[in-house]
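Each remark here refers to the structure printed beneath this line.
The values are calculated or read from the model by the stated rules, or taken from the named source; none is laboratory data. Here the structure is a predicted model, which is why all the values come from computation and not from measurement. As a convention, Cβ positions derive from the backbone with ideal geometry for all residues, glycine included, and neighbour counts pool all protein chains shown. These area figures cover heavy atoms from the full protein model, side chains too; ligands, DNA and RNA do not enter into them. Shrake-Rupley method; radii C 1.70, N 1.55, O 1.52, S 1.80 Å.
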Amino acid sequence: MLSKSFLAAAPPTVAVQIARNMVSAASISGSGSNLSVTAHAMEPLAGGVVIPALNHTNIAEPKLVASALQRVFERMGQRPRRVALALPDSVAKV
């Protein structure tokens with residue numbers, strides 16, 4: 001029989017935010033209430049690359065966003081396997 005811990009997915013250690021004007025990320029380590037930020041970085045985006053809208057394509061230039069995200073991870077000195085995407089509060093208030 002497999003244990004629950006074997007079947008449970010490991011939580012992401014990096015959070016990513018894609019905003020209208022930048023891509024940013026932060027990594028954490030530790031557990032429980034003993035968490036600390038171990039690295040963070042951000043990369044600016046030109047206007048029109050990300051367009052926040054409910055009824056329109058949000059990422060107008062996917063290659064530019066992917067490149068910015070890659071530079072953020074390079075600055076952090078990481079290549080995370082699992083990430084959490086931070087969404088703005090307005091996304092959940094539909």
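Points to keep in mind about this one:
- The mean of 1/r over all distinct Cα pairs in the chain, once inverted, gives the Kirkwood hydrodynamic radius of 15.0 Å.
- Residues of the range 43-58 with an amide N closer than 12 Å to a point placed 7 Å from the Cα of A19 along the Cα-to-Cβ direction: 43-45.
- Pair Q70, I51: separation of 7 Å Cα→Cβ label points (nm): 2.5
- The fraction of accessible area contributed by carbon and sulfur in the chain is 58 percent, rounded to a whole number (1.4 Å probe; ligands and nucleic acids excluded).
- Å² of accessible area per residue within the chain, as computed with a 1.4 Å probe and no ligands counted: 77
- Rounded tilt (10° steps) of 62-76 against the dominant C-alpha axis of the chain: 50
- Remark: the range 32-40, residue by residue, has Karplus-estimated 3J(HN,Hα) of x, 8, 9, 9, 9, 6, 9, 6, 7 Hz, where x stands for each Gly or Pro and the curve is 6.51 cos²θ - 1.76 cosθ + 1.60 at θ = phi - 60°.
- Estimated at 0.36 nm per residue, the fully extended path between I59 and A9 surpasses their Cα-Cα distance by 15.2 nm.
- Per the Debye formula on identical point scatterers at the alpha carbon atoms of the range 31-81, with no solvent, log10 I(q)/I(0) at q = 0.28 Å⁻¹ is -1.04.
- In the range 25-94, the trypsin sites (Lys or Arg not before Pro) that fall in loop regions by DSSP, at most 13 other Cβ within 10 Å: R81, R82, K93
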